[in-house]
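Structure, as structure tokens:
The values are calculated or read from the model by the stated rules, or taken from the named source; none is laboratory data. These figures come from a predicted structure and were not determined experimentally. Here the Cβ is made from the backbone with ideal geometry for all residues, glycine too, and neighbour counts use every protein chain on show. What goes into the accessible areas is simple: the full protein's heavy atoms, side chains included, and nothing from ligands, DNA or RNA. Shrake-Rupley method; radii C 1.70, N 1.55, O 1.52, S 1.80 Å.
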Amino acid sequence: MAAVCALLRSTGLHLTGVRSVHLCASVNKLVQFNLSDIGEGIREVTVKSWFVKENDVVAQFDEICEVESDKATVSITSRYDGKITRLYHGVGDKALVGKPLLDIDVEDEAGDGDGSGSSDSDKPAEPAPLDSPPQETRAREDPDEQFSEKNWNKSLATPAVRRIAMENKIKISDVKGTGKSGRVMKEDILAFLERSKGGGTGPPVTTRSPLTTVQKVMTRTMTESLKIPQFVFSDQVDVSRLVKLRSEAKEAASKRDIKLSYLPFFLKAFSKGLSEYPILNSSFDLEREEIVYKKSHNIGIAVDSPAGLIVPNIKDVQKLSVIEIAKELNRLQLLAAKMKLSPSDMTGGTFSVSNIGAIASTTSAPLILPPEVCIVALGRIQTLPRFDSAGNVFPAHIISLSWSADHRIIDGASVARCFRVFQHYVENPAALLLDL
């Protein structure tokens, strides 16, 4: 029978209803590809982009799509070899774990697959009408029909037109296209822009933009944060010796392809403080009225990304050297820029640091990220005049820190003492290195 199938394929002949009579050793089966569990209790994701379209042929481990949860962006890969027959969601749609993501026509040896998730595997293929051209032929005749806005990751528009829209902060789906099949043309973008600037005769045009997944997370987190009674402790540290040490070590680290900023030194110094005052590295179980102390110092770093501010964390800082912290920080920053952070990078934080000084600010009052109980904002390092023991003025490198703590379980004295430990290590960085 296999030889017959091979002969038929070589001659280009086809048998109607092959799947129903199982003539060949391998047959096609329609499988419903469900969104698998991506961990961390995530039940819903947003489809960020599709890497395939209907009628595409894929192999196992090929990337199918990219989805975004409230914790990370994840690429979904194919578990089968076959042809995509249906996409259940468009870009921006919500997809539920365990529910259909797409249908795929797979080759099933002898038709004895497990049938898991299949929708039409037991139904024989119906013969196509004699006067109907093959699907591939129809696609060639009108390619725009394949690329509907629901099934593809952009509105109908060329990359050049999309770039014009992006540069002018226009959501392309808001623009009515005048091209074939509703394709958005350059002229449509320019006309929309003119109306937005008040050049039209109608009412002013407003643009609405739904919150991104990251913004939704920020909304929920900050709303919960403001339910916590918080107090802010601020002070300054002279980091002149650290500036000198980092300058000397920077070149050596660069030869190892590691970018050495001040932040790894600060994180190690924070970890020293948390070891002495572990209540700052805890969480509060309000229902049981218990303080939950965390053994690991998983310090979160607020990082700017294309989707907004996110807070991945470096695990077990108490066990790492300054150079190991720097290497891990480089990895997280690179992945954040590409929106490729894993769920494990985004979860399990116990203490957070906001390096607002990397942008411009010298001081700020950060908000706690529940369920954590403390966060620190680092200001910009400034060169300011200071007095030595003899009363002489000299230039010093000064940084301001602002600590926000959960006042339900933490008092000001504990934060001040932890700050003093931090201050000791950054003002005497040699002691920080010797204690490793």
| query | What is the residue count in the range 378-415 for residues that are under 25 Å from ALA358 (Cβ atoms), in contact (Cβ under 8 Å) with a residue 60 or more places away in the chain and either open to solvent by 20 Å² or more (accessible area, probe 1.4 Å) or part of a loop (DSSP other than H, G, I, E, B) (or both)? | reply | 3
| Residue list for the range 158-180, restricted to those being open to solvent by less than 70 Å² (accessible area, probe 1.4 Å) and more than 22 Å from SER209 (Cβ to Cβ) | THR158, ALA160, GLY179
| field | Matching residues, the range 268-290, being assigned to a strand (DSSP E or B) and either of a type in the set (Gly, Ala, Ser) or without any contact (Cβ under 8 Å) to a residue 24 or more places away in the chain (or both) | value | SER282, SER283, ASP285, GLU290
| Exactly one of (1) crowded, with 16+ Cβ neighbours inside 10 Å; (2) under 28 Å from LEU341 (Cα atoms); (3) at pLDDT below 85 is unmet by ILE84. Its number? | (3)
| said: Condition first: in contact with a His (Cβ under 8 Å, 6 or more places away or on another chain), at pLDDT 95 or above and aliphatic (A, V, I, L, M). Can you find one or more residues in the range 229-238 that meet it? | reply: no
| field | Output for the range 33-65, where each listed residue is open to solvent by 40 Å² or more (accessible area, probe 1.4 Å), over 14 Å from GLY90 (Cβ atoms), touching a residue at least 40 places away in the same chain (Cβ under 8 Å) and part of a loop (DSSP other than H, G, I, E, B) | value | SER36, ASP37, GLU40, ARG43, ASN55
| Single condition SER181 does not satisfy, out of (1) modelled with pLDDT under 80; (2) in a loop (DSSP other than H, G, I, E, B) | (2)
| note | A careful count of residues in the range 291-310 that are surrounded by fewer than 23 Cβ atoms within 10 Å (Cβ to Cβ) and not in a strand (DSSP E or B) gives 7
| query | Applying the selection to the range 345-402, what residues are in contact with a helix residue (DSSP H, G or I) (Cβ under 7 Å, 6 or more places away or on another chain), more than 21 Å from ALA72 (Cβ to Cβ) and hydroxyl-bearing (Ser, Thr, Tyr)? | reply | SER364
| Odd one out for SER275 among (1) open to solvent by 60 Å² or more (accessible area, probe 1.4 Å); (2) more than 25 Å from GLY412 (Cβ to Cβ) | (2)
| With ILE375, ILE398 as the choices, which residue is under 21 Å from ILE291 (Cβ atoms) and among the aliphatic types (A, V, I, L, M)? | ILE375
| Within the range 264-307, how many residues turn out to be touching a Pro at 6+ places or on another chain (Cβ under 8 Å) and hydrophobic (A, V, I, L, M, F, W, C)? | 4
| field | Answer residue from the range 222-267, given it is assigned to a helix (DSSP H, G or I), among the polar types (S, T, N, Q) and open to solvent by 40 Å² or more (accessible area, probe 1.4 Å) and is nearest to GLN333 (Cα to Cα) among those | value | SER254
| query | Taking into account only those residues within the range 343-377 that are among the hydroxyl-bearing types (Ser, Thr, Tyr) and open to solvent by less than 60 Å² (accessible area, probe 1.4 Å), which is nearest to GLN333 (Cα to Cα)? | reply | SER354
